[in-house]
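To start, the structure itself, in structure tokens.
The values are calculated or read from the model by the stated rules, or taken from the named source; none is laboratory data. Remember, it's a predicted structure, so these values are computed and weren't measured experimentally. With ideal geometry, Cβ positions are generated from the backbone for all residues, glycine too; neighbour counts draw on all protein chains shown.
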Amino acid sequence: MGPQSARSYPGRRVVKPAPPKAQRAKQEIDYGRRGKGYVFGAFQPAMGDALTAPYVGRTTANWVDFLGKVEAWIDPSVERVYAVMDNLNTHSATDVLLFALAHPRWEFVFQPKYAAYLNLIEPWWKILRSLALKGRRFETWSEIEEAVRRATTYWNAHKHPFIWGSRRRHRTPRRLGVAAVPNIATT
């Protein structure tokens with residue numbers, strides 16, 4: 001999910017009624033970071049399952065540790081595991097290649113640069129940020145870890161298959177516009 005820091009995250013908030021002259025809603029300025037870390041995540045789109053693990057640093061050792069957690073999390077009956085990743089240098093380090101040799105069912109697929117939309121976990125990160133961080137203030141990194149853990153647990157309790165490019169459930173399908181040919185039956 002990238003670097004996250006203990007700070008205030010903007011969100012919807014009840015604003016006190018304005019005096020007779022309308023004023024903009026303002027958020028108090030939040031100076032400085034009070035702790036920082038990284039959240040690694042794995043996602044199974046066909047079932048909607050998610051796994052997250054927060055780490056203090058984004059190192060190769062932490063990445064390989066996370067891959068071990070994912071290996072234990074994925075059902076052993078799955079014959080092939082495709083890991084879609086960006087081109088971060090820790091994703092292609094020597095230790096990661098050794099992990100791939102030790103686990104032959106894994107195949108690493110690196111997405112092209114500037115094509116994050118090809119990775120299905122990216123829209124899910126947006127949902128996780130909304131569930132865990134939006135509209136909250138964090139004083140320490142451990143508070144963020146707890147919020148991410150609770151949001152992931154909530155997601156897994158209410159999971160559904162995640163299909164790339166599918167229409168959201170709450171939106172109605174678009175109707176044909178003026179330029180559409182009318183369906184006229186001739187007799």
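For the range 87-114, how many residues meet the condition of being within 17 Å of residue 38 (Cα to Cα) and exposed (fewer than 15 other Cβ atoms within 10 Å of the Cβ)?
Residues in the range 87-114 being within 17 Å of residue 38 (Cα to Cα) and exposed (fewer than 15 other Cβ atoms within 10 Å of the Cβ): 3 in total.
From 60, 152, grab the single residue that is under 18 Å from residue 43 (Cβ atoms), surrounded by 15 or more Cβ atoms within 10 Å (Cβ to Cβ) and not charged (D, E, K, R).
Sole residue among the options that is under 18 Å from residue 43 (Cβ atoms), surrounded by 15 or more Cβ atoms within 10 Å (Cβ to Cβ) and not charged (D, E, K, R): 152.
With the requirement that a residue be in contact (Cβ under 8 Å) with a residue 40 or more places away in the chain and assigned to a loop (DSSP other than H, G, I, E, B), what does the range 30-65 give you?
30, 34, 35, 45, 46, 47, 48, 56, 58
For the range 66-83, what are the residues that are touching a helix residue (DSSP H, G or I) at 6+ places or on another chain (Cβ under 8 Å) and either without any contact (Cβ under 8 Å) to a residue 12 or more places away in the chain or loosely packed, with under 15 Cβ neighbours inside 10 Å (or both)?
68
Surrounded by fewer than 16 Cβ atoms within 10 Å (Cβ to Cβ), among the aromatic types (Phe, Trp, Tyr) and assigned to a helix (DSSP H, G or I), is that true of residue 117?
Criteria met by residue 117.
Given the conditions (1) at pLDDT below 85; (2) of a type in the set (A, V, I, L, M); (3) closer than 29 Å to residue 71 by Cβ, which single one is not true for residue 179?
Looking at each condition in turn, residue 179 falls short on (3).
Six or more apart or on different chains, Cβ atoms under 6 Å: show the pairs whose first residue is in the range 95-112 and of a type in the set (Gly, Ala, Ser) and whose second is assigned to a strand (DSSP E or B) and surrounded by 15 or more Cβ atoms within 10 Å (Cβ to Cβ).
Here the result reads 100/106, each pair linking the range 95-112 to a residue that is assigned to a strand (DSSP E or B) and surrounded by 15 or more Cβ atoms within 10 Å (Cβ to Cβ).
Taking the range 71-114 only, how many residues are more than 17 Å from residue 49 (Cα to Cα) and in a loop (DSSP other than H, G, I, E, B)?
Residues meeting the conditions: 12.
If I filter the range 120-138 down to residues being under 14 Å from residue 152 (Cα atoms) and of a type in the set (Phe, Trp, Tyr), which single residue comes out as surrounded by the most Cβ atoms within 10 Å (Cβ to Cβ)?
Among those that are under 14 Å from residue 152 (Cα atoms) and of a type in the set (Phe, Trp, Tyr), it is 124.
Among (1) within 26 Å of residue 117 (Cβ to Cβ); (2) touching a strand residue (DSSP E or B) at 6+ places or on another chain (Cβ under 9 Å); (3) not β-branched (Val, Ile, Thr), there is one condition residue 48 misses while meeting the rest; what is its number?
Looking at each condition in turn, residue 48 falls short on (2).
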